[in-house]
Every structure is written in structure tokens, then in C-alpha cells.
């Protein structure tokens, strides 16, 4: 029985050892102390199985003492292995069971899903931030482009200077200067002393008081005196002033326009005084030759209208001159538009100078009003033909103008009124020309000769345009 039991125990231990060995070899995830304990346990089972086989062999070979020693050695090894296994048992028990591993795996899977969701959320947030950054960048680029385009063709320059008044940023430098000539340099090394001193004082005051300031100065650039208006603003970083931002507006053109405007105002004042003197003279002469107030008002208003037409035409031509055709047509239309069909205009030539245009406008009014009240415009079939031409024989003669009035016999007036005085006396004296009037059975002829000094030095193109514009006259 002992033989059978020892053989059975040995085989059982051997089978168990082989099974454990197969498990250890196939379990790839087994490592560390767990693997060591398993190997020691397997070795102990092998040793205990060997002790059983050794005891069985000692029954048949009692004289072989080494079998006894071998059995004791294997038993001792098996006992030692069992003790080692017991000492490693707490570590084995500390390792999670398959169920715990499954629960942990489920928990990790849930955490992984949460983490994936968080990663997705962060990715979406990052994409949104990147989109916002792109939009802000594009908006900033567009604003910067608009800023550059707005200042490109303007007379506005901008610079930034540090506390030592060194130029650290320049945009749209004044014409005649380049940004490279300013960047990195001190103001005192760029500007002359008479400009640097007041500018430097103002900028240091802005940095000290943290309040804006402005001033004007003049400087020679390229041999030309230029004028500027500067607005100075403090630049702050973290509450501390680090420099100034200067916006410089060139006012040279404005100064020039102001000077021209003052000159124009002086000229307007001078001409206004002259005009008022003329109007006062007209008023005095109109009063002397008028029998009553209504007659005075009618004649005075008519003469002022004629003078106003001349001034209107002069303003349209920027006071350069007036074509004869435009002047005659304008005065006639202002005084008696209903008789325009009785007027015939023929002629071409240079434009009248401003002074001569005003004088001739008054003479035309006097002749027209006389024709309406006493002359050819009263009779059926009557009319007025005005023609003019330059003298080809005598270049200094200028223009000869003829007024032909037909339809009714005419005779010299028995009284000398303002009209006759002006046409025969004042007009020739003012123009240094000649005025002659011839009366006949069918009307009258008035001839006016104007020297070349009464005309603008070649405004022929303007006169031609005026002639076409007034083509409605017969």
C-alpha cells in the first residue's frame, strides 16, 4: 500500500507541477513577484514528487543509502519552497482578481470615453479659437490696409518716439523724407535746433504730464519752407509712459490757400469799392435825368441789371473776359426778353476785358432802352442788328461794332440825358475808343470802335464757345 500511495502522490505532484508550468509558460502577462512565486511553487512540487519516487525506490533498494539522503534533500527543498510561497502569498493576494480587472477595465473604458469626449470638446474649442484668431487677424489686416491706404496720398505722417525721443516707428513720412532716414535716430540729430527745441520741450511735457499737446512749426525740406501742425499723445504701457505718438499734418497747402484767399478778399474788396462807386455814379446820373421817382427806379434798376449781367458773365469766366455775343445777348435778355426775336447778332472776335465789359453793358442798356421807348423796336417790322469784327488793316484798332436800328425814323434827342452822355462821352473816354451816331429816315446807326487794349489777349476759344451757345440769336 505504501508503494502505491507514494507512487500516486509523486505522480499527482508531478502532474500538478507540469500543469502549473504550462500555465506559467502560457500566461504572458504574468511577471514580477507573481512569476517568481509560481516558479518556486512548481520547483517545490517537482521536489516533493521526486522525494516520493525516491522513497519508493528505497523500499526496493534498502542498501542504497544515497536514496535516503536524496529523499531528505528533496523534502527539505520542497519544505523551503512552501515557506517561500507562503511569504509571497500577501503579494499574490494584493493583485486584482479577474473580476476586479474587468471592473477596472470597465472603469478605464468609461474614463477613456470621457477623456475622448473631453479631447473632442477641447479640439472643437481649439478650432473655434483658431477661427476667431483667423477672423481677428483678417480684420486687423483689413484695418491696417485701410489705415495705410487712407494715409498713402494724404499729407498726414505718424511717428512714435521713446522717452529719449528716438524714432522707433515711422509711417507715411513727409514728402522729401524717408522712414529709413528717421528710424533709430534721435530727434536732435534729424531736425535743426530751432525746430528741435520747441518740439522736444512739448514732447517732454506730454510725457511728464501724461496729457496731449499740439503745436505748429516750419522747416526747410529740399530748400522749400514747409509748414506742419503736430498732435502729440503719450504712449503708456502697464500704466507707465514709454514715449509719444505724433501725428503730423502738413499745412503748407492750407497756408498757401489762406494767402491766396486773403489776396482774393483784398481784390474783391477793391472791386466792390469800384463797383459801389460806379453804382453811386449811376444813381446820381439817373436821378438828374429822371422826372419822377418811378422813372428813376425803372432806369436805375435797368442799369444795375445790365451791370449785374456783366459781373455774372465775368464770374463764370473766372474774371478772365467775356465774349461780345454773350454780353449783348445777356443784357438784352435781362432788360427785354420779349424782344429777343427782333435782335440779330453777327460777328466774332476776342473777348472783352472785365472793365470794358462792364462799360459796354451799360451802353448796350442805354441803346436798348432808347430803342424800346423811342426807336425801331416800337414800329412793326422794326429791329436791331448788331455786328462786329476785328480790323485787319490796323492791328491796334481792335474791334469795330455797329448797331443798326431800323423800322422808324430817328432824330437826335433835344435834351441831353444820362444815356446820351454815357454813350457819346463816358464810354469813349473809359475805353479810349470812338463813338459815333448817325440818324436817318429808317432808323439810326451807332458805331463804336474799341482799341485792342480793351480785349483779353486771345480768348478766342472761349469766344467761339460763347458764340455757339448763343446761336439762337438771328
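The values are calculated or read from the model by the stated rules, or taken from the named source; none is laboratory data. In this text the structure is predicted, and so the values were computed from the model without any measurement. Please note: Cβ atoms are built from the backbone with ideal geometry, for glycine as well, and neighbour counts cover all protein chains shown.
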Among the candidates 268, 246, single out the residue that is surrounded by fewer than 14 Cβ atoms within 10 Å (Cβ to Cβ) and not in a loop (DSSP other than H, G, I, E, B). 268
Among the residues of the stretch 275-284, is there at least one that is without any contact (Cβ under 8 Å) to a residue 12 or more places away in the chain and closer than 30 Å to residue 160 by Cβ? no
Out of 244, 278, 235, I need the residue that is more than 23 Å from residue 175 (Cβ to Cβ) and assigned by TED's automatic domain parsing to the domain that holds residue 207. Which one? 235
With the checklist (1) part of a helix (DSSP H, G or I); (2) within 18 Å of residue 329 (Cα to Cα); (3) at pLDDT 75 or above in hand, flag the one item residue 462 doesn't pass. (3)
Looking at residue 431, is it within 24 Å of residue 320 (Cα to Cα), at pLDDT 85 or above and in contact with a helix residue (DSSP H, G or I) (Cβ under 6 Å, 6 or more places away or on another chain)? yes
Can residue 255 be described as within 55 Å of the chain's Cα centre (by Cα), closer than 26 Å to residue 215 by Cα, in contact (Cβ under 8 Å) with a residue 24 or more places away in the chain and part of a helix (DSSP H, G or I)? yes
With 402, 384 as the choices, which residue is in the same structural domain as residue 438 (by TED's automatic domain parsing), touching a helix residue (DSSP H, G or I) at 6+ places or on another chain (Cβ under 9 Å) and at negative phi? 384
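Of everything in the stretch 440-451 that's modelled with pLDDT under 90 and either in contact with a strand residue (DSSP E or B) (Cβ under 8 Å, 6 or more places away or on another chain) or assigned to a helix (DSSP H, G or I) (or both), which residue is nearest to residue 285 (Cα to Cα)?
443
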Within the stretch 354-370, is even one residue touching a helix residue (DSSP H, G or I) at 6+ places or on another chain (Cβ under 9 Å), crowded, with 17+ Cβ neighbours inside 10 Å, modelled with pLDDT under 90 and not in a helix (DSSP H, G or I)? no
Is it the case, given these coordinates, that residue 375 is assigned to a loop (DSSP other than H, G, I, E, B), crowded, with 19+ Cβ neighbours inside 10 Å and either over 60 Å from the mean Cα position of the chain (by Cα) or at pLDDT below 85 (or both)? yes
Determine which single condition residue 172 fails, assuming it passes every other condition in (1) touching a strand residue (DSSP E or B) at 6+ places or on another chain (Cβ under 6 Å); (2) more than 22 Å from residue 239 (Cα to Cα); (3) at pLDDT 90 or above. (3)
Could you list, in sequence order, the residues of the stretch 397-421 that are modelled with pLDDT under 75 and either in contact with a strand residue (DSSP E or B) (Cβ under 7 Å, 6 or more places away or on another chain) or closer than 22 Å to residue 295 by Cβ (or both)? 397, 410, 411, 412, 413, 414, 415, 416
Going through the stretch 221-234 in order, the residues found to be surrounded by fewer than 18 Cβ atoms within 10 Å (Cβ to Cβ) and in a strand (DSSP E or B) are 221, 224, 225, 227, 229, 231, 233
Considering each residue of the stretch 163-204, count those that are over 26 Å from residue 253 (Cα atoms) and in a loop (DSSP other than H, G, I, E, B), and give that number. 6
Run down 173, 178 and say which single residue is within 24 Å of the chain's Cα centre (by Cα), within 30 Å of residue 224 (Cα to Cα) and surrounded by 14 or more Cβ atoms within 10 Å (Cβ to Cβ). 173
